[in-house]
Structure formats: C-alpha cells, structure tokens
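**Q** Attaching a single structure in structure tokens format; questions to follow.
The values are calculated or read from the model by the stated rules, or taken from the named source; none is laboratory data. All figures in this text were calculated on a predicted structure; none of them were measured in a lab. Cβ coordinates were reconstructed from backbone atoms using ideal geometry, including for glycine residues, and neighbour counts include every protein chain displayed. The accessibility values were calculated without ligands, DNA or RNA, using every heavy atom of the protein model including side chains. Shrake-Rupley method; radii C 1.70, N 1.55, O 1.52, S 1.80 Å.
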Amino acid sequence: MSDPKKKLSPAEIAGAKLTGWEQRDETIVATFRTGDFAAGLEFTNRIGAAAEDADHHPDILLSYPQVQVTLWSHDVGGLTSRDVRMARKISQLAAEAGIETV
C-alpha cells in the first residue's frame, strides 16, 4: 500500500481498518457529528489545513450538526494509499477534538 498512484482493491481498503469510514464505490466516506455549525466549521478548517499539507484534498460537506468527508484520488479514479493516510489524519483530528463518527 505504499505506491501513492496505485489504485487499491476493496480488500486492501478493508484491510486498512479505517474506523468510521465506509467504502462507497470508488470512495471512502465518513460523517462526523460536530454538534453545531461553529464546531463543524472549525473541524472543516482543520481538515483543510491537513489537506493542504498533504496536497490531497477531500470533498467536504459542512452542515448542521455534522461534517461529511469523501476521499478518493481523482487522478487515478479510485482509492490509493493517499486516501488511507488522509482518512487516518482526519480521524485523528476528530479524536483530538472529541468528535465522533455517525
């Protein structure tokens, strides 16, 4: 799972054991319960900063009272190790903020 341009199989994604993330076709999706819009916005900004650092950008839907994050590697049309790393980083940010997945 080290080649960032290699499309991962469903078995490889399942083997990554991404808690709170669900594979949907060629994406992985997690919904985080933030409780209110302000907390969701702050969490979204933290995700954005991490995405900029990694140069790998998720799709983010901010609504009251949750944030939904969708990851996939647009350049390969599927999931790669970059998505797994970003999912783990986002889950870490959520845990640090006391935010749980739905």
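**Q** Can you tell me the accessible area per residue over the chain, all protein chains present, probe 1.4 angstrom, in square angstrom? Don't skip to the answer; put the middle values down first.
**A** Numbers: 5680 Å² over 102 residues.
Here the residues of the chain average 56 Å² of exposed surface.
**Q** Using only the alpha-carbon atoms, how far is helix 37-54 inclined from the longest principal axis of the chain? Give it as 0 to 90 degrees, nearest 10.
**A** Around 30 degrees separate the two axes.
**Q** Per residue of the chain, what 222 nm ellipticity follows from adding -39500 (n - 2.57) for every DSSP H run with n ≥ 4, rounded to the nearest 500? Could you put the intermediate results ahead of the total?
**A** Numbers: 3 runs with 40 residues, N = 102.
For the chain, the value works out to -12500 deg cm²/dmol.
**Q** Longest span of the chain, sites excluded, free of trypsin sites (Lys or Arg not before Pro) in DSSP loop with at most 16 other C-beta atoms within 10 Å? Don't skip to the end; give the middle numbers.
**A** On the way: sites that count: 5, 6, 7, 17.
Segment 18-102 is the longest.
**Q** For the range 33-102, calculate the relative contact order in percent as a whole number, restricting contacts to Cα pairs under 8 Å that are 6 or more residues apart.
**A** Numbers: 80 pairs, mean separation 24.6, N = 70.
Relative contact order, the range 33-102: 35 percent.
**Q** Tell me the relative contact order for the range 1-78 as a rounded percent, counting alpha carbon contacts under 8 Å between residues six or more apart. Intermediate values should be presented prior to the final figure.
**A** Numbers: 92 pairs, mean separation 26.8, N = 78.
Relative contact order of the range 1-78: 34 percent.
**Q** Just to check, using Stokes-Einstein with a Kirkwood Rh over alpha carbon pairs, what's the diffusion coefficient of the chain at 10 °C and 1.306 mPa s in µm²/s? Don't jump to the answer; show the numbers that get you there.
**A** Numbers: Rh = 13.5 Å.
The calculation lands on 117 µm²/s.
**Q** Taking all protein chains together and a probe of 1.4 Å, list 37, 32 from the most accessible to the least accessible. Write down the numbers at each step before the final one.
**A** Values: 37 100, 32 0 Å².
Accessible-area ranking of 37, 32, largest first: 37, 32.
**Q** With +1 assigned to the C-beta of every Lys and Arg and -1 to the C-beta of every Asp and Glu, and no other charges, what is the dipole magnitude of the chain about the Cα centre in debye, to the nearest 20? Walk me through the numbers before you get to the answer.
**A** On the way: 11 positive and 15 negative charges, 55 e Å.
With Lys and Arg at +1 and Asp and Glu at -1, about 260 debye.
**Q** Using a 1.4 Å probe on the protein chains only, how many percent of the accessible area of the chain belongs to carbon and sulfur?
**A** Values: 2910 of 5680 Å².
About 51 percent, which is the carbon plus sulfur part of the accessible surface.
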